Amino acid sequence: MLDRSSATERENAVTSAIWPRNDYSRVPYRFYHDPSVYQLELQKVFGGATWSFIGLDVEVPKPGDFRASYLGETPIIFNRDEDGEIKAFVNRCAHRGAMVRRELTGNCKTHTCIYHQWCFARDGKLLGVPFRRGVKGQGGYDKDFDTATHGLQQVRVASVYGVLFGTLSSEAEPIESYLGEKMRDYLKRIFERPVRVLGYHRQRVRGNWKAYAVNPRDNYHASLLHDFFGTFGLDRTSQIGGLTMDPRHRHCVTWGRAEDEATRQKSLQTYANEQIQSSGLKLREPSLAEFLPEGPDDLSVAILSIFPNCVVQQIANSIAARQIRPRGPDEFEIFQTLIGFKDDSPEMTLHRLRQTNLVGPAGLVSMEDSEAIEIAHRASKAEGEEAAEVVELGGGGAISDRDYRANDVSVRGFWSYYAEILGIEPVGAHR
């Protein structure tokens, strides 16, 4: 929740002088811990002219269906109205600020606040209030009380292949240009085919939301931190792959192609030469790591990161959309929607569900990300103002696409756009 300090005080919390280098290859740890920086993020990142992932069109298939979500820490509702359109608004009553909908999902004709029964339409307009004319001629609201000015705060919604994005800003650019053609193509790669929701995971992590936002952009950590990936060949840095970004470098896809047997043997030798030890584990159920090619290409891994809060993952045949929900500078939530396709066979659905064991709070992979983020957050908290992390694999300087996987250039792209949004770009900043 935003504090009571003035906007000027929040903006003065951090300046462009904080950056040790103008290519963002050094990132001060202060960004992960300073409460005043976090307040500025709520105002300018999640409340500013960006588009945040809020959910999927398929989650509200019928008129009246609604779902609760978040923009940063701001609770919102999106629902389908009687005309079939998706409308969204802040889940906060215009009367006393109570949360209107406490359920995660449901179907309704109206939204009524439990506190004083103010009733709102599916588009957020105020329909009625109790005792508006008083009781027995006494009390009530003034005659000039205008229900039209007391609706729920509107959220602009845009749909890209059924993936829903929201913004509180009237100044946010069109979603098409915000994403860029390449990122839209990667969304199309998955969501052009009708999808269905297989389930959900929720996970709280004691760290800063940005540490998770940049985590999938650094794709080489996968085969180092996640022994399961390297051991069973789901994701190795030696695979044919690379990094693709939008023109502003704020979003990216890290991708890798499936290995044939000859490539797999070369990868194993590469890891042996680098003295990266495999655990030597073997699977009793090999299908857990099996990739069944589908779609227009042979990508076995494609992780799409959309600034500020969205990750769409394809790991083998496991597909999910992750929403990052900040909960202060020292905690965030990952809300993960597990996805299959409507035309999947029962066997493929079972295969996808098995592979969901890779992700989530106890996932064979995801639990390691959480642990890594938490230990980094604890260890860096006591560092001085000048202490900074190193983001330089793949070289410093210009931020651009790469056709190899051992790089974290798109992490610098994240910080570059972040600095622009906060108004703290250093002199000569790389974009």
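The values are calculated or read from the model by the stated rules, or taken from the named source; none is laboratory data. Worth saying up front: this structure is predicted, and the values here are computed from it rather than measured. Virtual Cβ from ideal backbone geometry, glycine too; neighbours counted across all protein chains shown. Only protein heavy atoms, including side chains, enter the accessible area calculation; ligands, DNA and RNA are left aside. Shrake-Rupley method; radii C 1.70, N 1.55, O 1.52, S 1.80 Å.
Details
- On inspection, MET367 passes the criterion of being free of Cβ contacts under 8 Å to residues at least 24 places away in the same chain, over 24 Å from HIS249 (Cα atoms) and open to solvent by 20 Å² or more (accessible area, probe 1.4 Å).
- Qualifying strands (runs of 3 or more DSSP E) (wholly inside region 116-225; at least 1 residues being closer than 22 Å to GLN313 by Cα and modelled with pLDDT of 95 or more): 154-160, 163-167, 195-205
- Residues within region 346-366 that are more than 14 Å from SER287 (Cβ to Cβ) and either over 26 Å from the mean Cα position of the chain (by Cα) or not in a loop (DSSP other than H, G, I, E, B) (or both), tallied: 2
- Selected residue (criterion: most open to solvent (accessible area, probe 1.4 Å)) from residues of region 79-94 that are charged (D, E, K, R) and in contact with a strand residue (DSSP E or B) (Cβ under 7 Å, 6 or more places away or on another chain): ARG92
- The residues on offer are GLU59, GLU103, GLU85, and the sole one that is of a type outside the set (Lys, Arg) and under 16 Å from GLN154 (Cα atoms) is GLU85.
- Of the residues making up region 152-198, just one is touching a residue at least 40 places away in the same chain (Cβ under 8 Å), open to solvent by 30 Å² or more (accessible area, probe 1.4 Å) and among the small types (Gly, Ala, Ser), namely SER159.
- Those residues of region 386-397 which are in a loop (DSSP other than H, G, I, E, B) and more than 10 Å from TYR24 (Cα to Cα), in sequence order: GLU386, ALA387, LEU393, GLY394, GLY395
- Some residue of region 403-421 being modelled with pLDDT under 95, part of a loop (DSSP other than H, G, I, E, B), touching a helix residue (DSSP H, G or I) at 6+ places or on another chain (Cβ under 9 Å) and under 22 Å from LYS44 (Cβ atoms): no
- Among residues of region 48-59, those that are in contact with a Ser or Thr (Cβ under 8 Å, 6 or more places away or on another chain) and open to solvent by less than 30 Å² (accessible area, probe 1.4 Å), counted: 8
- Extreme residue, farthest from ASP34 (Cα to Cα), among residues of region 372-400 that are open to solvent by 60 Å² or more (accessible area, probe 1.4 Å) and of a type in the set (D, E, K, R): GLU392
- The numbered conditions (1) β-branched (Val, Ile, Thr); (2) within 24 Å of PRO130 (Cβ to Cβ); (3) open to solvent by less than 10 Å² (accessible area, probe 1.4 Å) are all true for ILE76 except (2).
- Considering region 345-363, and only residues there that are surrounded by fewer than 19 Cβ atoms within 10 Å (Cβ to Cβ) and in contact (Cβ under 8 Å) with a residue 24 or more places away in the chain, the residue that is farthest from SER69 (Cα to Cα) turns out to be MET348.
- The residue list ILE324, ILE424 contains one member that is touching a helix residue (DSSP H, G or I) at 6+ places or on another chain (Cβ under 6 Å), assigned to a loop (DSSP other than H, G, I, E, B), within 30 Å of SER36 (Cβ to Cβ) and open to solvent by less than 10 Å² (accessible area, probe 1.4 Å), which is ILE424.
- LYS109 meets each of the listed conditions (1) over 29 Å from the mean Cα position of the chain (by Cα); (2) part of a loop (DSSP other than H, G, I, E, B); (3) over 18 Å from VAL60 (Cα atoms) apart from (3).
- Only helices (runs of 4 or more DSSP H) whose full extent lies in region 1-96 are considered here, and the ones with at least 3 residues that are at pLDDT below 95 are 7-11.
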